[in-house]
Amino acid sequence: MSHTAELIAVGTELLLGNIANTDAQMISQGLSALGITVHNHTVVGDNPERLADALEIARRRADIIITTGGLGPTYDDLTKQTICKTFGRELELHQDILDEISRWFETKMGKKMPANNIQQAMLPVNCTIFDNPVGTAPGCAFEEGGVHVLMLPGPPFECRFMFENRAVPYLEKLTDGVIVSHEIRIFGMGESSVEEKLYETMTKLANPTLAPYAKPNEVMLRATAKADTPEAAEELLQPLVAQVQETLGDVVYGVDVESLEEVVSALLKKDRLTLSAAESCTGGLIAKRITDLPGASEVFRGGIVSYTNGVKAGALGVPEAVLEESGAVSEPVARAMAEGCRRVCGSDLAVSVTGVAGPDSDDRGTEVGTVFIALASDSGTICRRFSCGKGRGRDRVRTSAAQYAFDMIRRFLLGLPQE
């Protein structure tokens with residue numbers, strides 16, 4: 001049986017825009033992996049009447065309702081009370097849950113539990129309780145009139161833990177068979193071009209399916225199959241994944257990986273090579289992204305943020321004559337930056353980035369978004385010019401430039417053409 005879900009986030013701070021609703025994104029992704037279709041997201045403030053209205057609408061158009069937020073101890077945390085009133089359920093005190101909350105305060109906070117936390121141990125009669133070892137608010141689930149209602153806490157860390165470890169096992173019992181997905185990561189081809197090349201394939205698929213998702217500076221395709229067993233689902237998926245890789249070619253940088261830097265780090269480790277980075281317009285973003293990865297010290301020697309010409313000349317040894325003649329944003333300077341960084345850091349490879357992030361052109365009139373990226377190795381230095389987007393804003397230019405840099409390194413390590 002297929003299921004449809006609606007997510008209801010409770011919290012005035014969400015409506016005011018004070019915080020982002022990251023819970024909804026996380027839960028929607030998790031439900032998709034389970035083969036449960038999310039038809040609607042709803043956000044309501046801490047108001048029982050408006051929440052009751054949202055619940056009445058949701059129960060008519062979905063058979064799974066998941067709420068987040070409103071399970072705390074304060075006077076405006078009324079999610080449970082409103083849900084129970086809407087679905088005709090009574091609340092009862094669960095002494096074992098109350099004891100857990102009390103112990104949490106004693107061991108984690110070093111103090112006695114406040115009296116108002118008692119309401120967190122009030123849960124619907126005959127519900128499935130989701131204990132919360134990372135916070136004080138337990139969640140729960142029940143079925144009424146063919147609709148499954150799940151209540152999860154609002155704080156993102158607690159919500160993720162409870163969804164993945166408590167809600168998912170509950171929901172898995174509602175679905176027939178298993179759902180298996182693979183994420184195909186693409187850089188160097190836009191979403192419309194990817195869809196154009198795969199349109200005929202995607203429109204003919206029923207099981208497995210293939211869906212494109214635009215990500216910042218890249219595209220992700222999710223291939224999903226449903227079958228009786230994981231092995232049977234894999235048999236459906238593998239030919240499709242292979243077909244996508246063959247159709248799109250080397251713009252596919254990985255399957256079931258998180259980022260280009262993850263791929264680059266793995267390739268460097270495999271070849272026992274080290275990397276360093278000389279960055280101007282990216283301001284250390286390349287170094288940050290690779291050092292965010294566990295084990296980065298095995299492959300990354302260091303980085304130099306050479307934002308001014310003085311640092312380019314003094315720290316990296318870029319000849320002042322080259323800076324004067326060609327300008328900071330130029331191929332000769334990018335090459336000299338990479339070669340100087342490789343020499344200073346003692347790395348096998350060194351990447352450099354120099355460009356115009358905006359909002360204005362540089363003193364030579366170089367267009368915003370123009371970036372030169374060079375890669376130095378013992379076999380020489382290569383350099384490419386990129387247009388990272390005029391009018392996209394500084395952050396977009398910088399993140400695009402870092403993405404191009406990692407892709408240049410990936411292509412070099414795999415012996416792929418740079419163009």
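The values are calculated or read from the model by the stated rules, or taken from the named source; none is laboratory data. Just so it is clear, the model here is predicted, and its values are computed rather than measured. All Cβ positions, glycine included, derive from the backbone under ideal geometry; neighbour counts span all protein chains shown. To get the accessible areas, we keep the full protein, side chains included, count just its heavy atoms, and leave off ligands, DNA and RNA. Shrake-Rupley method; radii C 1.70, N 1.55, O 1.52, S 1.80 Å.
Miscellaneous remarks
- Some residue of segment 337-351 being in contact (Cβ under 8 Å) with a residue 40 or more places away in the chain, at negative phi, open to solvent by 20 Å² or more (accessible area, probe 1.4 Å) and part of a loop (DSSP other than H, G, I, E, B): yes
- Selected residue (only one of GLY139, GLY110 is small (Gly, Ala, Ser), modelled with pLDDT of 85 or more and surrounded by fewer than 21 Cβ atoms within 10 Å (Cβ to Cβ)): GLY110
- Scanning segment 1-27 for residues that are assigned to a loop (DSSP other than H, G, I, E, B) and open to solvent by 70 Å² or more (accessible area, probe 1.4 Å) returns MET1, SER2, LEU16, ASN18, ILE19, ALA20.
Here's the yes/no breakdown for (1) touching a residue at least 24 places away in the same chain (Cβ under 8 Å); (2) aliphatic (A, V, I, L, M); (3) open to solvent by 10 Å² or more (accessible area, probe 1.4 Å); (4) in contact with an Asp or Glu (Cβ under 6 Å, 6 or more places away or on another chain):
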{"position": "ASP131", "(1), (2), (3), (4)": "yes, no, yes, no"}
{"position": "HIS148", "(1), (2), (3), (4)": "yes, no, yes, no"}
{"position": "GLY154", "(1), (2), (3), (4)": "yes, no, yes, no"}
{"position": "ASN165", "(1), (2), (3), (4)": "no, no, yes, no"}
{"position": "VAL178", "(1), (2), (3), (4)": "yes, yes, yes, no"}
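- Test: residue in segment 358-373 that is over 16 Å from ALA277 (Cα atoms), at pLDDT 95 or above and small (Gly, Ala, Ser): no
- Test: GLU200 is more than 21 Å from ASP77 (Cα to Cα), charged (D, E, K, R) and in contact (Cβ under 8 Å) with a residue 24 or more places away in the chain: no
- Sole residue being surrounded by fewer than 22 Cβ atoms within 10 Å (Cβ to Cβ), at pLDDT 95 or above, within 27 Å of the chain's Cα centre (by Cα) and not in a strand (DSSP E or B), chosen from LEU323, LEU273, LEU293: LEU293
- Residue match in segment 280-289 (condition: under 34 Å from the mean Cα position of the chain (by Cα), open to solvent by 50 Å² or more (accessible area, probe 1.4 Å) and closer than 18 Å to VAL353 by Cβ): yes
- Scanning segment 76-122 for residues that are among the β-branched types (Val, Ile, Thr) and touching a residue at least 24 places away in the same chain (Cβ under 8 Å) gives THR79, THR82, ILE83, THR86, ILE97, ILE101, ILE118.
- Against the conditions (1) among the hydrophobic types (A, V, I, L, M, F, W, C); (2) open to solvent by less than 50 Å² (accessible area, probe 1.4 Å); (3) not in a loop (DSSP other than H, G, I, E, B), LEU316 satisfies every one except (3).
- Among (1) at pLDDT below 90; (2) surrounded by 14 or more Cβ atoms within 10 Å (Cβ to Cβ), the one test that ALA62 misses: (1)
- The one condition in (1) open to solvent by less than 60 Å² (accessible area, probe 1.4 Å); (2) within 13 Å of VAL10 (Cβ to Cβ); (3) in a helix (DSSP H, G or I) that LEU98 fails to fulfil: (2)
- Exclusive hit being at pLDDT 95 or above and on the phi > 0 side of the Ramachandran plot, set GLY310, GLY283: GLY283
- Criterion: closer than 27 Å to VAL178 by Cα, in contact with a helix residue (DSSP H, G or I) (Cβ under 9 Å, 6 or more places away or on another chain) and either open to solvent by 20 Å² or more (accessible area, probe 1.4 Å) or modelled with pLDDT of 85 or more (or both) - qualifying residue of GLY35, GLY69, GLY45, GLY30: GLY30
- Residues considered: GLU258, GLU246, GLU231, GLU235. Of these, the only one that is within 22 Å of the chain's Cα centre (by Cα) and open to solvent by 20 Å² or more (accessible area, probe 1.4 Å) is GLU258.
- Within segment 371-399, being in a strand (DSSP E or B), touching a Gly at 6+ places or on another chain (Cβ under 9 Å) and crowded, with 17+ Cβ neighbours inside 10 Å holds for VAL371, PHE372, ILE373, ALA376, PHE386.
- Where GLU172 falls short, out of the listed (1) open to solvent by 50 Å² or more (accessible area, probe 1.4 Å); (2) in contact with a helix residue (DSSP H, G or I) (Cβ under 6 Å, 6 or more places away or on another chain): (2)
- Residue pairs meeting the criteria (Cβ under 9 Å; at least 6 apart or on separate chains; first in contact (Cβ under 8 Å) with a residue 40 or more places away in the chain, in segment 319-331; second in a helix (DSSP H, G or I) and of a type outside the set (S, T, N, Q)): ALA328/LYS312; SER330/VAL322; SER330/LEU323
- Tally, over segment 403-419, of residues that are in a helix (DSSP H, G or I) and over 19 Å from GLU331 (Cβ atoms): 5
- Across segment 78-105, the number of residues qualifying as under 15 Å from ARG50 (Cβ atoms) and either of a type outside the set (A, V, I, L, M, F, W, C) or in contact with a Ser or Thr (Cβ under 8 Å, 6 or more places away or on another chain) (or both) comes to 6.
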